[in-house]
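Have a look at the structure below, then the notes.
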Amino acid sequence: PPGTTNAAGDDASSNDTECDATLCSANEYVSSHVCTSCPVGTINVAGDDASGNDTVCGECAENYYVSSHVCTSCPLGTINVAGDDASGSDTTCDDPYSYLGEGECRQSDGNYPIKFSKGYYDLNPHMIGTNAQQAMDRCKAKCILSSWCLAVEVMLRGIFPTPECRLVTDWNAYVVESGNIFQNNTWGGTQSIDGENYQTYCNDGSSPCSSSNVFNGGSLNSREKYYCYVKSLGQAAQPTCNGGVIKTSSDGHKFCYKNGGLTFTSAEDFCKNNNMQLVEPKTQALSNAVDYVCGYDCTWLNLKCTPENPTSCDTSYDNWKWVSDGNSITSGYHKFRKESDGTIYGGAPGEYCGHWWKTGGPNGSDWGPQTCSSTFYGALCLMESPSTL
């Protein structure tokens, strides 16, 4: 019968036999006697009987909440534990930060902690619209993804129109527990974190960062237009790979991968559900790592053309921007190229999402535009970068 199986070899001349019910795996449900993957953002326990009635994935996954009986992604910078009942009342996501107040984040002893600082130039000036709030949300979301990040400091001073995000940590969290190293342990030294450059600051520039930097819950040094948020203990969301497979490149980059059949939004949601984001190969090193684990048409990239325009998106690189920080690909490494007629290779009007296209070759891989509703590609999420890069 539908939803059952039986091994070969039953003796037709002997007694009657029966087929065995097919039991669905975790995060699958029964649809017309077929075990089917749960929709993104939902979960289900293992054991649904495919020979019986249809079932549903009735609980929300981690970092989703219930809104009008729909599992919905948590707002940027917030988290939620898995298990909310989609058939019940609406739920909410939690802010995993405690607001210390207006001022600089300092160590508990009042000294300067280790900070990695980055400007959000796409939100310049921060004084208009929702730019300041977007900077707050983006900085918090970045810290949530890193276990070593203990607090965030956001600078919104009027004399500096570009908002700055500072990820706060200490020696034990960043070096001892997470195994990272400093690439330039000097005041203002460049530190690459997930392919993005930050400036290193600690000890007011008087000495390099060291084991003497102990955050210990932190303290506040009052200063106008600086805002300090300390991550609440035990609530940091760690990268997982539920519903995917872990792949590791030869140089130590670790990824979570879900095979094709995803729209751009579904791929985004898959990575968010696992506390990550779609891969952004902004450097040759990260591109080589993706090249190592990916095949042809492997994955969507965390790359979109904004604002959407059928002409400029097909002819200019300027509006193609990384989703995480809003920076154009023209500011760094990328693998788009153009046809002889000036249009972007592989693109067409109305294609506003970027994907990993070809693999191999002496120069790594080519990327291409595609309609965001296409289901040709999967989701490759960056779980961990080697500490030496």
Relative contact order (%) - criterion: Cα under 8 Å, at least six apart; region: segment 37-160: 18
Reciprocal of mean inverse Cα separation for segment 212-285 (Kirkwood radius, Å): 15.9
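Please state the relative contact order of the chain as a whole percent: Cα pairs under 8 Å, 6+ residues apart?
Across the chain, relative contact order equals 14 percent.
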Along principal axes, Cα extents of segment 175-258, largest first, whole Å: 46, 29, 25
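Rank CYS35, CYS60 by accessible area, highest first, at a 1.4 Å probe radius?
On the way: CYS35 40, CYS60 0 Å².
Largest accessible area first, the residues go CYS35, CYS60.
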Integer Hz, Karplus 6.51/-1.76/1.60 couplings in order for segment 90-103, x for Gly and Pro: 4, 10, 9, 9, 9, 8, x, 10, 10, 7, 6, x, 7, x
Reciprocal of mean inverse Cα separation for the chain (Kirkwood radius, Å): 23.1
Overall dimensions of segment 242-389 as given by Cα atoms, namely Rg and Dmax in Å: 14.3, 44
Other-chain or far-sequence residues with amide H under 5 Å of VAL81's (modelled H): ASN63
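Which of the three applies to segment 1-89, rounded, prolate or oblate, going by the alpha-carbon gyration tensor with a ≥ b ≥ c and a/c under 1.5 meaning rounded?
Values: a/c = 4.69, a/b = 3.50, b/c = 1.34.
It is prolate, given that a/c is not under 1.5 and a/b is the larger ratio.
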No Cys partner within the rule (Cβ under 4.7 Å), the chain: CYS19
Cα extents of segment 118-164 along the three principal axes, largest first (Å): 31, 17, 13
Amide proton proximity set for GLY189, modelled H, under 5 Å, gap of 5+: THR200
Helical mean residue ellipticity (222 nm; -39500 (n - 2.57) per DSSP H run of 4+; nearest 500) of the chain: -3000 deg cm²/dmol
Largest-first principal axis extents of the Cα set of segment 72-163 (Å): 50, 36, 21
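The values are calculated or read from the model by the stated rules, or taken from the named source; none is laboratory data. Values in this document were obtained by computation on a predicted structure and should not be read as measured data. Here the Cβ is made from the backbone with ideal geometry for all residues, glycine too, and neighbour counts use every protein chain on show. Calculation scope for accessible area: heavy atoms of the full protein, side chains included, ligands and nucleic acids excluded. Shrake-Rupley method; radii C 1.70, N 1.55, O 1.52, S 1.80 Å.
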